[in-house]
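A.B. asks: Let me give you the structure first, and then I'll get to my questions.
The values are calculated or read from the model by the stated rules, or taken from the named source; none is laboratory data. These figures come from a predicted structure and were not determined experimentally. With ideal geometry, Cβ positions are generated from the backbone for all residues, glycine too; neighbour counts draw on all protein chains shown. Just the protein is used for accessible areas: all its heavy atoms, side chains included, with ligands, DNA and RNA removed. Shrake-Rupley method; radii C 1.70, N 1.55, O 1.52, S 1.80 Å.
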Amino acid sequence: MNRIARTLLAATVVVGATLAVGAPASAAPTLDQAKQAVAARIDKRLDALKQFDATIGGAKQLTAAHKDTLTKLVADQRGGLTALKTKVQGETTAAALKADAQSMVNDYRVFMLTGPKVRLTAAIDTELVVAHKMAGTDAIQKSLEGKADALLAVKPGPDADAIKAAVSPIRDAAKAAHKSLKALRK
């Protein structure tokens, strides 16, 4: 099971256990424990966003437009997740907490979408700069044209399969371009 599915499952199980009717009090986590579990998962996402900021800052070949888009994306997600964490702490029902846990995953997709957006956009922009400097790389350049913009246009949501389907061909194109450029350098 992938990390995203495990996160959503764990958050749902923790919150769902608080809803269990007839479960012994010692077996079901309290609402406060469930809040702590969801807050800890939000913190993991906030930590990842800090790493993405560092990646963006260190990516020397990012176009100005891509850098601005990624910087804004990370800042917006940081603000949204910080507000969600505050909201989680104020929840008084398990149902509301479960909705927050689902929002944490579906509305942000930090690991499944934001990370790839940052890493792949940096890689694609770098590959395009390298390809532009090398002779005989027109096919490589064409294979990457518009890929970063298409990736940045993918929106988070509850359909993980659709997100994977949108990201995979872009990842594959970036890998193929990298492999081709590496072969040309030899």
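A.B. asks: For a label point 7 Å from the Cα of residue 178 along Cα→C-beta, name the residues of segment 97-138 whose backbone N is under 15 Å from it.
C.D. replies: In segment 97-138, the label zone of residue 178 (backbone N under 15 Å from the point 7 Å along Cα→Cβ) covers 115-131.
A.B. asks: Evaluate 2.2 N^0.38 Å with N set to the residue count of segment 46-86, then give the Cα radius of gyration divided by it.
C.D. replies: Relative to the 2.2 N^0.38 Å estimate, segment 46-86 comes out at 1.22.
A.B. asks: Taking +1 at the Cβ of each Lys and Arg and -1 at the Cβ of each Asp and Glu, which of 131, 99, 148 sits farthest along the dipole of segment 94-186 towards its positive end, judged by Cα position relative to the Cα centre?
C.D. replies: Checked the options; the winner is 131.
A.B. asks: Provide the per-residue ³J(HN,Hα) series for segment 77-93, in order, calculated from phi with Karplus coefficients 6.51, -1.76, 1.60 and θ = phi - 60°, each as a whole number of Hz, with x at glycine and proline positions.
C.D. replies: Whole-Hz 3J(HN,Hα) from phi for segment 77-93: 5, 4, x, x, 5, 5, 5, 5, 4, 5, 4, 4, 5, x, 5, 10, 10.
A.B. asks: Using a 1.4 Å probe over the heavy atoms of the protein chains, calculate the carbon and sulfur portion of the accessible area of segment 46-186 as a whole percent.
C.D. replies: 56
A.B. asks: Provide the FRET efficiency to the nearest 0.05 for the residue 186-residue 54 pair, computing r from the beta carbons and using R0 = 35 Å.
C.D. replies: 0.65
A.B. asks: Largest first, how would 43, 125, 32 line up by accessible area (1.4 Å probe)?
C.D. replies: 32, 43, 125
A.B. asks: May I pose another question? Any chance you could look up the accessible area of residue 147 with a 1.4 Å probe, heavy atoms only, rounded to 10 Å²?
C.D. replies: That residue has around 60 Å² of solvent-accessible surface.
A.B. asks: Further question: Mind giving me the nanometre distance, one decimal, between the label points for residue 99 and residue 39, set 7 Å out from Cα along Cα→Cβ?
C.D. replies: For residue 99 paired with residue 39, the spin-label model returns 2.1 nm.
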